[in-house]
């Protein structure tokens, strides 16, 4: 009888609702670490009053696991390019450290922390929205083009028909050097993103602009004749 009671007690513990609080296994907190990161990277789209607000711990906590998965999959923020391959301004891609901070905070129990550590209230991101106006002097490229004259480019606009899993676009200079332009990763065409370089790139005659897979894209540059792809 005693044994049956013990087994019943153990079963009750196993099926009972989990404790109200997660086990905390990290020193990272929302108030000190995550709130500031989200302020820089997320609140331009997820401010208070948006469809999915992430401006407070109470709003963020229910989405913590989903946020981690979206961040690690590079689906959020919706930038669509690998950081460090090309030099853009602004660059909305999370750094590897930022991705790891978010993941470690969630896996560690997503603790709130001390409210006194919160930054001053600010529901706007430090990254202003991009200005993706139609390019008046864009040069269309279909996978690969060879430059016939020296060309200055200030940005690149991908025009894929479907979701891009992974495509690198580079400029191969006549001296053999390769200039990374953009590495698209899980890029959604509906974003209509323009990746503008921090500094214009001057590409000499004979430079080959090419993508690692068939894709249409535009170069933001003054009108210049290009030779047919070959």
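Does the range 134-176 hold any residues that are touching a strand residue (DSSP E or B) at 6+ places or on another chain (Cβ under 9 Å), closer than 15 Å to residue 204 by Cα and without any contact (Cβ under 8 Å) to a residue 24 or more places away in the chain, and which are they?
Residues satisfying the conditions do not exist here.
What do you reckon, is residue 174 outside the structural domain of residue 82 (by TED's automatic domain parsing) and either touching a helix residue (DSSP H, G or I) at 6+ places or on another chain (Cβ under 7 Å) or exposed (fewer than 14 other Cβ atoms within 10 Å of the Cβ) (or both)?
Spelling it out, residue 174 is indeed outside the structural domain of residue 82 (by TED's automatic domain parsing) and either touching a helix residue (DSSP H, G or I) at 6+ places or on another chain (Cβ under 7 Å) or exposed (fewer than 14 other Cβ atoms within 10 Å of the Cβ) (or both).
The values are calculated or read from the model by the stated rules, or taken from the named source; none is laboratory data. These numbers were taken from a predicted model, which means no experiment stands behind them. Every residue, glycine as well, gets a Cβ built from its backbone with ideal geometry; the counts of neighbours run over all protein chains shown.
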